[in-house]
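Report on the following structure.
The values are calculated or read from the model by the stated rules, or taken from the named source; none is laboratory data. These numbers were taken from a predicted model, which means no experiment stands behind them. Here the Cβ is made from the backbone with ideal geometry for all residues, glycine too, and neighbour counts use every protein chain on show. Note: areas computed on protein heavy atoms with side chains; ligands, DNA, RNA excluded. Shrake-Rupley method; radii C 1.70, N 1.55, O 1.52, S 1.80 Å.
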Amino acid sequence: MDDQASTLIPRPFEVVAKRRETHDVTTLMVEPSDGRSCFGFEPAQMGMIGVPGVGEVPISFSNHPDTSRCLSVTIRNAGAVTAAITGTEVGGVITVRGPYGTSWPIDLVAGRDVLFVAGGLGLAPLRSAVFAVAEESAERGSVGIVYGAKTPEDMLFKGDLEIWGEYDDVDVHLTVDAPTEEWTGGVGLVTALFEEALDSVRTPLVMMCGPDLMMINAGRDLVARDIDPSDIWVTLERNMKCAVGLCGHCQLGPLFVCKDGPVLRYDRVADLLEMREV
Ligand SMILES: Cc1cc2nc3c(=O)[nH]c(=O)nc-3n(C[C@H](O)[C@H](O)[C@H](O)COP(=O)(O)OP(=O)(O)OC[C@H]3O[C@@H](n4cnc5c(N)ncnc54)[C@H](O)[C@@H]3O)c2cc1C
Ligand code: FES
């Protein structure tokens, strides 16, 4: 069977560990249970993750892209399929096919400062890129991570955020809409943190993931601060069925998000994103 055909066939993966991230988000760590090795992926690539008899949905891989550690998926319980996946207990089996789609532009990082911008669950598709850039790219410049969530309890990967903030030349900037009494970070939109973040990263390469409205506002704000639109990369989420450019479910204007994306350069999608919001 050739590589393309083999990525269309769901493979069984056993849930080997499970971690509750927030009240409605769970990370599953999974390993192949068909005796074959795990497949590799590039940061931001996704898999079609399923439960037999229920369905399958697109989910980004959230672990370190070194696949000897196998796969993690971080999933918000949004409906029937995600409930069935996150409800699978350790020892149970889900299906995975992939990897699909484009990846974050890690090859452009050498010699550049990098700004990661995430909203809510958007930190999940960015996590593998932060591992690759902040932890492993010796050639990178300074790194800024701007992350916003509804409340402090809704923040994902708190342990990672703490560790990343301790690295040389990595600054983490956090904000929430609704603070608790103990909260010491910012309050408000991620855009309110750009001024302080851009103090330590100069003309950065930007990688951004969050709700469409957040990306529209953040993209506009960054361009107004003289960041070149061709230096901003976003990842998009659309309903998907085949994930290989055949069914048209994920179409956004002339683009198929499963094949042309999910990572796309902002100057290619800014108008399409704005059109959908009006
Ligand atoms: C490239 C890509 C990467 C993704 N990565 C993640 C991830 O890492 N973690 C995660 O929790 N979710 C991710 N999603 C979203 C996830 O696929 C949807 O939440 C899921 O399909 C919902 O299916 P459901 O049957 O549980 O809910 P449904 O009942 O089908 O839908 C629940 C709600 O989610 C909306 N929705 C359905 N499918 C999608 C979709 N594909 N994208 C956006 N909204 C959708 C529906 O319109 C509805 O409002 C990703 C989507 C894409 C396209
Ligand atoms: S999901 Fe079928 S064309 Fe993209």
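ARG36 sits with roughly 130 Å² accessible to a 1.4 Å probe, with DNA, RNA and ligands left out of the calculation. Helix-only arithmetic for the chain: the sum of -39500 (n - 2.57) across DSSP H runs with n ≥ 4, divided by the residue total, places the mean residue ellipticity at 222 nm at -6000 deg cm²/dmol. What a 1.4 Å probe finds exposed on segment 200-247 is 51% carbon and sulfur by accessible area, rounded to a whole percent. The peptide list 21-28, 45-52, put in order of mean Cβ contacts within 10 Å with the highest first, becomes 45-52, 21-28. The charge dipole of segment 106-277, taken about its Cα centre with unit charges on the Cβ atoms of Lys, Arg (+1), Asp and Glu (-1) only, comes to about 900 debye. All C-alpha pair distances within segment 191-254, sorted into 10 Å bins from zero, spread as 18, 43, 23, 14, 2 percent across the bins. Computed in the context of the full set of protein chains, the accessible area of segment 3-100 at 1.4 Å probe radius has 51% of its extent on carbon or sulfur. Other residues whose C-beta falls under 10 angstrom from the C-beta of GLY148 contribute a net charge of -1, scoring Lys and Arg +1 and Asp and Glu -1.
Take the Kirkwood radius over Cα pairs of segment 3-100, plug it into Stokes-Einstein at 25 °C and 0.890 mPa s, and you get 186 µm²/s for translational diffusion. Convex hull volume of the Cα atoms of the chain, normalised per residue: 135 Å³. Average accessible surface for segment 55-164: 34 Å² per residue, computed with a 1.4 Å probe over protein heavy atoms with every protein chain in place. Accessible area per residue was computed with a 1.4 Å probe on protein heavy atoms; TYR167 scores about 70 Å². Counting only aspartates and glutamates at least 8 places from LYS18 when in the same chain, those with an alpha carbon closer than 17 Å to its own are GLU31, GLU89, ASP160. Stokes-Einstein diffusion of segment 155-278 at 25 °C, 0.890 mPa s viscosity, Kirkwood radius from Cα pairs, rounded to a whole number: 150 µm²/s. Taking a straight line from the alpha carbon of LYS150, these aspartates and glutamates sit under 12 Å away, with near neighbours fewer than eight places off in the same chain left out: ASP177.
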